[in-house]
Amino acid sequence: MSEIPFGRLHARRLREMYRSAGWPCCDGIEIELLAAGLLERVRSAEGHETLRVSDAGIARIADTLGTNRAVMTSHEALVEQVAREMTRAGRVAWRGLMLRARVGGATPEDPARWCMAKPDVFSIRNTSVEAYAHPIVHEIKVRRADLLADLKKPDKRAAYLDLGGECWYVLGCDARGKPIARAEEIPAECGVLIAQEGRLTVERAAQHRELERLPFQVWLALAKAQPVPGFDEEAQGLLNGEE
């Protein structure tokens with residue numbers, strides 16, 4: 001018998017089954033989980049059959065939670081690094097903002113649509129002139145599978161391009177220290193930054209487009225959100241012993 005696969009859909013179904021009353025879905029994912037011994041069938045006195053997560057399934061859930069936590073930690077660390085780099089460059093940065101964006105239809109004749117976008121880092125210049133705000137979106141990826149899934153969502157990318165004058169993908173490295181993707185794999189309209197050995201290196205510059213002004217709903221979202229603390233020059237002077 002060939003090895004039973006276990007992917008993200010299997011892990012999600014296990015967690016859902018653990019939280020549910022155990023009514024079966026009777027699909028392929030469920031069959032594979034039963035065959036792997038991660039789910040087990042339970043028959044009530046009335047003859048109704050439900051499913052429950054086995055001890056092996058509980059252990060597998062714990063393993064996947066630990067893996068997800070480690071990935072999220074590395075993702076959050078890289079998000080923080082990019083946001084800090086933006087503030088050091090004299091920009092005001094936000095993490096995880098929910099912003100309303102406008103994307104085009106499937107064809108030029110179709111009307112534009114509105115959608116919600118959540119870039120990992122959104123930043124603007126620290127300026128009092130609206131035309132000089134130069135908004136930039138950074139999307140951070142630390143796992144190749146997540147990146148490939150993201151690249152299959154053109155509407156998400158179109159939303160980021162609508163929000164920012166530039167859109168960058170920031171790519172982490174795998175366990176061997178190699179970038180999770182090459183610049184050629186990223187759409188040409190997006191820039192590519194490689195995070196390696198604590199540094200951010202420009203692999204390919206982003207295509208820049210001028211934005212005369214940010215939409216009002218974006219300004220409103222920025223006003224409601226807390227930006228990343230910026231680089232404090234006065235505090236740095238005190239650290240250097242300057243009066």
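Please go through region 118-128 and pick out each residue that is crowded, with 16+ Cβ neighbours inside 10 Å and among the hydroxyl-bearing types (Ser, Thr, Tyr).
Ser123, the sole residue that qualifies.
Within region 179-204, track down each residue that is over 17 Å from Pro154 (Cα atoms), part of a loop (DSSP other than H, G, I, E, B) and out of contact with any Phe, Trp or Tyr (no Cβ under 9 Å at 6 or more places or on another chain).
The answer is Ile180, Arg182, Glu197, Gly198.
Is at least one residue of region 59-72 closer than 30 Å to Leu163 by Cα, touching a residue at least 12 places away in the same chain (Cβ under 8 Å) and surrounded by 11 or more Cβ atoms within 10 Å (Cβ to Cβ)?
yes
Residues being over 20 Å from Cys115 (Cα atoms) and either touching a Lys or Arg at 6+ places or on another chain (Cβ under 8 Å) or at pLDDT 80 or above (or both): count how many of those fall in region 200-222.
Total satisfying the criteria: 11.
Residues to consider are Ala159, Ala112, Ala131; find the one that is surrounded by 20 or more Cβ atoms within 10 Å (Cβ to Cβ) and under 21 Å from Val218 (Cβ atoms).
The match here is Ala159.
Would region 39-58 turn up any residue that is under 28 Å from Glu197 (Cβ atoms), exposed (fewer than 14 other Cβ atoms within 10 Å of the Cβ) and not polar (S, T, N, Q)?
No: region 39-58 contains no residue that is under 28 Å from Glu197 (Cβ atoms), exposed (fewer than 14 other Cβ atoms within 10 Å of the Cβ) and not polar (S, T, N, Q).
Sort out which residues of region 54-80 are out of contact with any strand residue (DSSP E or B) (no Cβ under 6 Å at 6 or more places or on another chain) and hydrophobic (A, V, I, L, M, F, W, C), and write them in order of number.
If the condition is that a residue be out of contact with any strand residue (DSSP E or B) (no Cβ under 6 Å at 6 or more places or on another chain) and hydrophobic (A, V, I, L, M, F, W, C), then Ala56, Ile58, Ala59, Ile61, Ala62, Leu65, Ala70, Val71, Met72, Ala77 are the ones that fit.
The values are calculated or read from the model by the stated rules, or taken from the named source; none is laboratory data. Every value quoted in this text rests on a predicted model; they were computed, and no experiment measured them. Using ideal geometry, Cβ is built from the backbone for each residue, glycine included, and neighbour counts are taken over all protein chains shown.
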